[in-house]
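Structure first, then comments.
The values are calculated or read from the model by the stated rules, or taken from the named source; none is laboratory data. Remember, predicted model here, so these are calculated numbers, not experimental data. Here the Cβ is made from the backbone with ideal geometry for all residues, glycine too, and neighbour counts use every protein chain on show. Just so you know, the surface numbers come from the protein's heavy atoms only, side chains and all, with ligands and any DNA or RNA stripped out. Shrake-Rupley method; radii C 1.70, N 1.55, O 1.52, S 1.80 Å.
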Amino acid sequence: MTKVTIDGKELEAAENSTILEAAEKLGISIPTLCHLKGVSPGSVCRICVVEVEKVARLVPSCSYPVSEGMVVKTESRRIREARRAVLELILANHAQKCQSCNMKGGQCEFMKLSKEYWVEGLPVCNECKLSPQACYLNRGVLCLGPITQLGCDGICITHGYSCQGCRGPIKHVEEGIKIIERYGFKVGDVLWAARKYSGGSRYFDELSRSLEK
Amino acid sequence: MNNISKQISRVVGHCKLEVDVSEGSVKDVRFNINEDSRFFEAFMLGRRYDDVPEIVTRICGTCNANHRITSIVALENAMGVKASEQTELLRKLVINGSLIQSHMLHLYLLVLPDYIGADDLFGSGKTEYVRRLLNLKRCGNRMVEVLCGRPIQLIDAVVGGFNVTPSIRKIEELLRILKETREDAVESFHLFSDLKLPEIESPEKNHISLKNGSEYALTGRTISLNGEEEFEAGKYKAKIAETVVPYSTSKRCRINGRSFYVGARARIRINRDFLADESKSLVSSFESALDNPMGNIPAKAAEVLHCYDDSIQILEGLASKGVKEERPKFEIKSGEGVGVTESTRGTLIHHYVLDDKGFVKYANIITPTTFNCQHIEDTLRSNVKKFLGSSDMVFQLERIIRAYDPCISCASHFLDLTVRRR
Ligand code: SF4
Ligand code: SF4
Ligand code: FES
């Protein structure tokens, strides 16, 4: 048995267990993405990083074994920043086609974490409760979900109204506009609709001028 | 010259009172709205009719429900759409909820601190008042939320009706909340009608409010002047003259060359016979204050109780009759329409002209504070002498302004008072 302290709570953990397993016993949850129970850990996503006293770098809790007298912290500003950076990197590589993804509406673990860690640039679509088939775009109604910052839980859509973009444009508007275009809408129409709330954003303004040319 | 400038809080938006004093006597009093122009009417031009309710909701975070409903009524009048009876009832509920929301906010947070010797309610240690305020506010919020999807910046109310009709379960939930918190509304009334209000005389007695002869009118088409003379809301331009003054970004309104006021006090004076029973019987307890701008305070508290009773009655009707699933259905037509409702601060007018595809060609919005502005200035002018030289002059004048509940805009809050002495 190995004695460890996690977030101030003490525990006799089984030898060779990981920090993640020990934390679980204490009821402390640490986010994971690449980790699968029972499979030897790959430690590639690094979302599960924690602070260990006397270890300078952050360590991945899903593979790091406990040792006698170890003191662990699972929440701190440094950890938060690191986790957010991890999520942002994944997002940069992820084709965001939430509108046609079956995991949308709150089932996507990655999106859940992205929201929790305030990652910018996620579209309303991934909160939207409609199935990909029922999506407004699929039914020929213009919806600004793909280019609009989430956070409202897609409330308008739940109330029978397509997203009007009131929360402002996401970082990668161009990508979002391309998605909407694929459903047969014209750029001009999208810009016209989006200008209602986003006309004041300089970035958006420049984009719409260049696209309209 | 001796300038005194002071920042004071607890009004909604930026405004400034300037008093010029020379050789011990008052030379001029100006009530400045120095909020930046907001161009709402301008940027609605060329947008389609269905964007309008959404855009105007953003004018104000406090009475956005009223802006939304008023614009919808105006657009319906422009396109000749007739709302169903059920829609009318639901809209009344929304307005009642909105009045509860913002009346209570104004009375407890902006007005009450003046009378309990505190800077703000939360810091005053009066947890009982805070609890009551939160109960009432929660109730108002919930009413708007259930009917329109969100407590502020509503979604469901649209031209032609409602996108989503509330279920019977929701109606019953509202009934329960209203009944649970009604006692708080009664206690609030007693709290505010028992306040020792200063005697302020206002030189101008004219006031306007909606009136329709069958109910306590918060929506309607006829505006009454002093309860004596009536004119059609659509013809407001012929009656109300709007002028511009160089020192303020809000226009000034006059009827027959005289300033007038709007708001709870005006409504109670014109429509008191139609108040719900209990509120009606309570009016006599502050009747004398109705001549006084400060009378707006108990008048608002009485209105909240009325909104409670009125809403309970409407909801009970809906609960027993049931709510029909209705979808807005209408044709887009060109036309011109005016919509008027009574919002928390008073009569609110929206006016639009649409082309045959439903695009906005003309928009005009007159908010209650625009109506009240000149009246506030006139009242201050005739009262400032009384307080000149006294140590609490700033406080006294501020109190008068606060009683009107001017909503200069929604964003920020300071009132800047400058006294120039020569
Ligand atoms: S309905 Fe709108 S918000 Fe929902 S998935 Fe489709 S595009 Fe996105
Ligand atoms: S319009 Fe605004 S609130 Fe509605 S779904 Fe879009 S972002 Fe959300
Ligand atoms: S869960 Fe991916 S590195 Fe630990």
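Within region A:189-213, which residues are modelled with pLDDT of 85 or more, more than 12 Å from ligand 1 (Cβ to nearest atom) and in contact with an Asp or Glu (Cβ under 8 Å, 6 or more places away or on another chain)? Hits for region A:189-213 are A:Leu191, A:Lys196.
Listed by position, the strands (runs of 3 or more DSSP E) enclosed by region B:200-291 that each have at least 3 residues that are touching a Cys at 6+ places or on another chain (Cβ under 9 Å) are B:240-243. Right, B:Ala299: modelled with pLDDT of 90 or more, outside any strand (DSSP E or B), in contact with a helix residue (DSSP H, G or I) (Cβ under 6 Å, 6 or more places away or on another chain) and surrounded by fewer than 20 Cβ atoms within 10 Å (Cβ to Cβ) or not? No. Of the residues making up region A:179-188, those that are within 13 Å of A:Ile147 (Cα to Cα) and at pLDDT 90 or above are A:Ile179, A:Ile180, A:Glu181. Any idea which of (1) exposed (fewer than 11 other Cβ atoms within 10 Å of the Cβ); (2) within 12 Å of ligand 3 (Cβ to nearest atom) is the one A:Gly27 doesn't satisfy? Condition (2) is where A:Gly27 drops out. Of the helices (runs of 4 or more DSSP H) that lie entirely inside region B:70-161, those containing 2 or more residues that are modelled with pLDDT of 90 or more and charged (D, E, K, R) span B:85-104, B:127-148. Taken as a whole, the condition of being without any contact (Cβ under 8 Å) to a residue 60 or more places away in the chain, open to solvent by 40 Å² or more (accessible area, probe 1.4 Å) and within 16 Å of ligand 3 (Cβ to nearest atom) applies to A:Lys112.
Scanning region B:17-62 for residues that are within 11 Å of chain A (Cβ to nearest Cβ), open to solvent by 60 Å² or more (accessible area, probe 1.4 Å) and in a helix (DSSP H, G or I) yields a total of 1. Per this entry, A:His172 is not counted among residues that are under 30 Å from B:Thr165 (Cβ atoms), open to solvent by 10 Å² or more (accessible area, probe 1.4 Å) and either within 16 Å of ligand 3 (Cβ to nearest atom) or not hydroxyl-bearing (Ser, Thr, Tyr) (or both). None of B:Ala65, B:Ala118 is more than 14 Å from every other protein chain (Cβ to nearest Cβ), open to solvent by less than 30 Å² (accessible area, probe 1.4 Å) and closer than 28 Å to B:Tyr362 by Cβ except B:Ala65.
Scanning region A:34-51 for residues that are more than 13 Å from ligand 3 (Cβ to nearest atom) and either among the small types (Gly, Ala, Ser) or at pLDDT below 95 (or both) yields a total of 1.
Taking the criterion of being open to solvent by 10 Å² or more (accessible area, probe 1.4 Å), within 16 Å of ligand 2 (Cβ to nearest atom) and in contact with a Gly (Cβ under 7 Å, 6 or more places away or on another chain), the residues of region B:147-202 that qualify are B:Ile152, B:Asn163, B:Val164. Residues in region A:135-173 that are of a type in the set (Ser, Thr, Tyr) and more than 14 Å from A:Gly184 (Cα to Cα) were compared, and the one that is nearest to the other protein chains (Cβ to nearest Cβ) is A:Tyr161.
Looking at (1) more than 21 Å from B:Ile208 (Cβ to Cβ); (2) crowded, with 18+ Cβ neighbours inside 10 Å; (3) without any contact (Cβ under 8 Å) to a residue 40 or more places away in the chain, can you tell me which one B:Gln313 breaks? Condition not satisfied by B:Gln313: (2). Within region A:117-139, the residues that satisfy the criterion of being under 13 Å from the mean Cα position of the chain (by Cα), buried (at least 18 other Cβ atoms within 10 Å of the Cβ) and assigned to a loop (DSSP other than H, G, I, E, B) are A:Tyr117, A:Val119, A:Gly121, A:Leu122, A:Glu127. Mind checking whether some residue in region B:166-178 is within 14 Å of chain A (Cβ to nearest Cβ) and of a type outside the set (D, E, K, R)? The answer is yes, given that some residue of region B:166-178 is within 14 Å of chain A (Cβ to nearest Cβ) and of a type outside the set (D, E, K, R).
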